[in-house]
Number of protein chains: 2
Amino acid sequence: MTQLHGQQLVSKLDADGTLTVELAGFDVPAPTGTQVVIRVEAAPINPSDLGLLFGPADIEGATFTPGKIVARMPEPAVRAMQARHGMAMPVGNEGAGTVVAAGEAPEAQALMGKRVTCFPGGMYATHAVADARMCMELGDEISAEQGASAFVNPLTALSFTETMRYHGHKALVHTAAASNLGQMLVKICQADGIPLVNIVRSEAQVAILKGIGAEHVVDSSKDSFLADLAIAIDATKATMAFDAIGGGKLVSQILTVMEQVSNSGAAYSRYGSNAPKHAFVYGALDLSPTVLTRNFGFVWDVSGWLLTPWLGKLGAEIAAKMRSRVLAELTTTFASSYKAHVTLEQALTREAATDYNARRTGEKYLITPNG
Amino acid sequence: MTQLHGQQLVSKLDADGTLTVELAGFDVPAPTGTQVVIRVEAAPINPSDLGLLFGPADIEGATFTPGKIVARMPEPAVRAMQARHGMAMPVGNEGAGTVVAAGEAPEAQALMGKRVTCFPGGMYATHAVADARMCMELGDEISAEQGASAFVNPLTALSFTETMRYHGHKALVHTAAASNLGQMLVKICQADGIPLVNIVRSEAQVAILKGIGAEHVVDSSKDSFLADLAIAIDATKATMAFDAIGGGKLVSQILTVMEQVSNSGAAYSRYGSNAPKHAFVYGALDLSPTVLTRNFGFVWDVSGWLLTPWLGKLGAEIAAKMRSRVLAELTTTFASSYKAHVTLEQALTREAATDYNARRTGEKYLITPNG
């Protein structure tokens, strides 16, 4: 085949703290073996992408020129990210598009001309290379937009319930619960009969979740938050939480309420209850430290949670089952919605970048590189 | 037998925030079944006892009269400890003494007149009741003082290494490492070939641990602390920590250094390394919140650690093995040292109470109720 030339969005951090995010031309590699080249039609901007794209850099104060953003990265982050200094890193975890070239392997050849969704990285580009065995074919009735977010959020939401089973818990608490991911979790828990406490930050978000049938929705912006949370945790007996926020006291508050509920009516023990309480931090919407007051006894766990190692821990059989379910329910349980569609160039404008970098719940952007 | 009258130290918190710690007379119950009555000769004041005895009450500002302390408890603690309001709670987890009465069961009768060590609670008293099956007989060559601390610290130190094996880790970090417990852990790890990083807070504590042969001792009061810690963690490849302090940033710093060491030389990943890192908080020498900066990726755990549930988790076989080892090495590996001996009355003086309540490493008190 002839050499394809494409454009891709890259993020480069220099040792002096300069972050450059720009569109760069690149030669699309000729696929070999099970590789396929995908002409990218839709790729979502997830919070996990923003970590690599901008991190904690000062985007409000950045310089914007067509196809290029130059921003300052704060010094502690510059040091922490030493391993990426000087490297132009492609961005975009997942997306959907059409296979336009394929390696010689039958799995790759079988996808020629097909619309697929995948999770290879580097999807903020006109073209991306993926392994055919990791692609899911979308079929004619599902658009690239509908199929663009088939991995990160759906597999994360499904893995939350599998992580719960893995650790022997029976009900969940979820924060930032009005997100696309949160709405998927509401639908999964409804279908699977898992009691779920949704914590959101506004009346409008309460309405969104009530609108899709969520039973327990608690608004952390209200004065009655802790009392409301106690009622919901008592009703569900939830002992495991997934937190997208990370910073501040919310995780600590959830554990405190779980401890109060499990201890209620019990004799005093200076060490607290022996009831397990486990909170996973899977996001960092708030980059400030997690503050644990530890007024919840000595039987508790707070852990980081990341999709890839957890997929490994859950095993191939559960992973395959989850992928089948995502494909079957892509336009129902796992439907995503977007605030705006932008081209690669538009994604690098001040208006777009400051808006999607605010990471507001329910305001996700979709990049349409060939749109 | 005739009714025995004894004296015991009790701690009572009233709903109005008044904490009363006093010596109270009590009728020693007649033992039945496997119960034995122990004339208490020595009982240590461990940090875990101070939680029930005083908690966060203002002992500096308390009123002291002979045999009685009256102090104010801060309001949040009064609320958190609602379940103990108005109850006069006996204090003193563990201790040693002589069996002076026994229930009809052969296990109990076999201990009559014997010196034993046990862990029944209520040991700050002239007499305490214990289950014979939970007592360890000390034999003639071991004094009550030598046998008084045979449970809390020895089983905790041994359980740290078993917890490490349970989770598949190979080396440990320990904080407040110059404590009696810390010195036991040094000796256990030496005997068992477990690499151990000891974190202490002064030059004097470095000297104590070096004096008993500890290899890796890091002083957190030095400017070079984080660099020194990185060298020690790199040398030991420690990926699990036990922290007695709880409050502040130390746990976060340990996880950060573990992440840097495990990531060193690796390609940049925005999500951090996949190397497990686990910190257990088993004490609360600093009651302020635990502050986690989360600059150590997404594969990490911070957990509470408490002896009793962990003994259950490790199982009866390991627990029995640990008890045998403690008894065999009570005057070597598991020897404790005390700053002062006090009677029950002396323990309630301003001079003693403010001194032992400062919880300074290596300054443990021993109560000798019949001494």
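Structure data summary
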quantity	calculated
Protein accessible area in the stretch A:152-311, 1.4 Å probe - carbon and sulfur %	55
Whole-Å semi-axes of the stretch B:44-148's equivalent ellipsoid (Cα gyration tensor)	33, 15, 12
Mean-position separation - Cα centroids, the stretch B:207-258 and the stretch A:121-150, in angstrom	46
Set of lysines with alpha-carbon distance to B:Lys210 below 21 Å, sequence-local pairs under 8 removed	B:Lys187, B:Lys222, B:Lys237, B:Lys339, B:Lys364
Loop GluC sites (Glu not before Pro), the stretch B:85-133, which have at most 14 other Cβ atoms in a 10 Å radius of their Cβ (DSSP)	B:Glu104
Fraction of beta bridges assigned by DSSP in chain B that are antiparallel (%, nearest 5)	60
Under the Karplus curve 6.51 cos²θ - 1.76 cosθ + 1.60, θ = phi - 60°, whole-Hz ³J(HN,Hα) for the stretch A:62-71, x wherever Gly or Pro sits	7, 9, 10, 10, x, x, 7, 10, 10, 9
Contact surface B-A: accessible area buried, both sides summed, square angstrom, 1.4 angstrom probe	3200
Virtual spin-label span in nm between A:Gln190 and B:Ala235, 7 Å along Cα→Cβ	5.9
Simple Cβ-charge dipole of chain A, Lys/Arg +1 and Asp/Glu -1, about Cα centre, in debye nearest 20	720
Cα centroid separation, the stretch B:307-321 to the stretch A:49-72 (Å)	53
For B:Phe242, solvent-accessible area (1.4 Å; no DNA, RNA or ligand), Å²	0
Inter-copy spacing of B:Asp192 label points, which lie 7 Å from Cα along Cα→Cβ, given in nm from shortest upward	3.6
Positions from the stretch B:286-315 whose accessible area shrinks by 40 Å² or more when the full protein complex is built, not the chain alone, probe 1.4 Å	B:Pro289, B:Thr290, B:Leu292, B:Arg294, B:Phe298, B:Trp300, B:Val302, B:Gly304, B:Leu306
Amide proton proximity set for A:Ile367, modelled H, under 5 Å, gap of 5+	A:Ala43, A:Ile45, A:Val342
Point-charge dipole on Cβ atoms (K/R +1, D/E -1) for the protein assembly as shown, about Cα centre, debye to 20	320
Shielding score for B:251-264, defined as the mean number of other chain Cβ atoms within 10 Å	1
7 Å along Cα→Cβ, label-point gaps from A:Ser269 to other copies, nm, shortest first	3.6
Ellipsoid semi-axes in whole angstrom, largest first, where each is sqrt(5λ) of the Cα gyration tensor of the stretch B:138-262	26, 16, 13
Alpha-carbon centroid distance for the pair the stretch A:156-196 / the stretch A:340-371, whole angstrom	28
Those residues of the stretch B:322-349 whose amide nitrogen sits under 13 Å from the label point placed on B:Glu141, 7 Å along Cα→Cβ	B:328-332
Residue with peak Gaussian network fluctuation, chain A [Cα springs, cutoff 10 Å], from A:Ser143, A:Ser224, A:Ser337	A:Ser224
Calculated [θ] (222 nm, deg cm²/dmol) that DSSP helices of n ≥ 4 give over the protein assembly as shown, each run adding -39,500 (n - 2.57)	-9000 deg cm²/dmol
Top positive-direction residue, dipole computed over chain A with Cβ charges, set A:Ala284, A:Ala71, A:Ala230	A:Ala230
Estimated inter-spin distance, B:Ser288 and A:Arg350, nm [label 7 Å along Cα→Cβ]	4.1
Partners for A:Lys249 among aspartates and glutamates (Cα-Cα distance below 12 Å; same-chain residues under 8 apart left out)	A:Asp286
Percent accessible area from carbon and sulfur atoms, the stretch B:1-122, protein chains only, probe 1.4 Å	55
Fraction of antiparallel bridges per DSSP, the protein assembly as shown only, in percent to nearest 5	65
Cα pair count fraction exceeding 39 Å, expressed as % - the protein assembly as shown	45
A:Lys170/A:Ala335 FRET efficiency (R0 45 Å; Cβ-Cβ; nearest 0.05)	0.95
Label distances, nm, A:Gly248 versus same residue in remaining copies, Cβ-directed 7 Å point	2.8
Accessible area expressed per residue, the stretch A:152-311, with surrounding protein chains retained (probe 1.4 Å, Å²)	35
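The values are calculated or read from the model by the stated rules, or taken from the named source; none is laboratory data. Predicted model, so just to flag it, every value in this text is computed and none were measured. Please note: Cβ atoms are built from the backbone with ideal geometry, for glycine as well, and neighbour counts cover all protein chains shown. These accessible areas exclude ligands, DNA and RNA; they are computed on the full protein's heavy atoms, side chains included. Shrake-Rupley method; radii C 1.70, N 1.55, O 1.52, S 1.80 Å.
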